[in-house]
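Below is one structure, written out as structure tokens; comments come after it.
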Ligand code: KIV
């Protein structure tokens, strides 16, 4: 489906007309294409990939190269959505110069349309410089996973004395610096509501209640890929962990008992097209009693009553799909 690309201006208009914004994480081309076809507005190549793809306990080990690699894959699968590249831990904290160069790589090499970085007012100068260099910036405040050790764990933020005011101040400072949007993570709904109503730029919530201008989830959580991870803020729309295990068990059983691959999933050759040596080996197999129709069997598309499609066509590409005839 060809639709207009989502830009930061689209998001601004959506906030103005009160239309909710959808964002999901994506780490590869296949998922990106599916989410893009579902009209998800923003695809975040999040450093959460460190946990759900790489198997780390935190997002801290993720490198800039990792994010670039996954951004490139996501960019190849995306036509419509706006792609946000996450700045990983220590790719923007040590100096503005280094941060600018790293953000530039996410855009130039990764194909990201904007970058996201965690933290509040302390990054205002960096945000302003990135924006003036032509790189749109999404902020991220509240529960900022890269500060897991400072926070003492992945804990809801904003409940302590003065913390709500600090969050609002950070949000306003980032907006002032030029951020086009803000992720609000792991904060009480009432604070997220105040911030969302105060700011002109859209807020995207995760564990921040229903009053943000949009919502984001990690796609693996939404799909229920990990049945031992179900925090309060996640809604599972699928239970893929169970479904994947069932499918894989069925595949393994079929391989073990010889039911996969079948004739329909195998390739054949017409007699005339076989090299002499192949005919010799077919004859040898036939003389030895045969082992059923195999890749060199005499079965042709015409001879096979049940199959009339691509797997039997000697011209077809190995990867050609069996298309259903048009009605
Ligand atoms: O890395 C990530 O996936 C994120 C979202 C949870 C907002 O930062």
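What the table below lists for this structure:
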item: Residue with peak Gaussian network fluctuation, the chain [Cα springs, cutoff 10 Å], from 119, 160, 104; result: 160
item: GNM flexibility winner over the chain from 214, 162, 258 (Cα, springs under 10 Å); result: 258
item: Theoretical gain in end-to-end length, residue 63 to residue 161 [0.36 nm per residue, Cα-Cα removed]; result: 31.8 nm
item: Relative contact order (percent, whole number), the stretch 212-280, Cα cutoff 8 Å, 6+ residue spacing; result: 19
item: Contact order normalised by residue count of the chain, Cα under 8 Å, 6+ apart, percent; result: 12
item: Whether the stretch 139-253 is rounded, prolate or oblate, judged on the alpha carbon gyration tensor where a/c under 1.5 counts as rounded; result: prolate
item: For the chain, share of DSSP beta bridges that run antiparallel, in % to the nearest 5; result: 5
item: Computed [θ] at 222 nm, deg cm²/dmol, the chain (DSSP H ≥ 4; -39,500 (n - 2.57); rounded to nearest 500); result: -11000 deg cm²/dmol
item: Distance in nm between pseudo-label sites at residue 20 and residue 149 (7 Å out along the Cβ direction from Cα); result: 3.8
item: Cα shape, the stretch 8-222, gyration tensor, a/c 1.5 rule; result: rounded
item: Modelled FRET efficiency - R0 30 Å, residue 245 with residue 265, Cβ distances, 0.05 increments; result: 0.85
item: Listed residues 70, 149, 113, most fluctuating in the chain (Gaussian network, C-alpha, under 10 Å); result: 149
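Readers should treat all values here as calculations from the given coordinates under stated rules, not as data from a laboratory. Keep in mind that what you see is a predicted model, and the values were worked out from it rather than measured. Note that each Cβ is placed from the backbone with ideal geometry, even for glycine, and that neighbours are counted across all protein chains shown.
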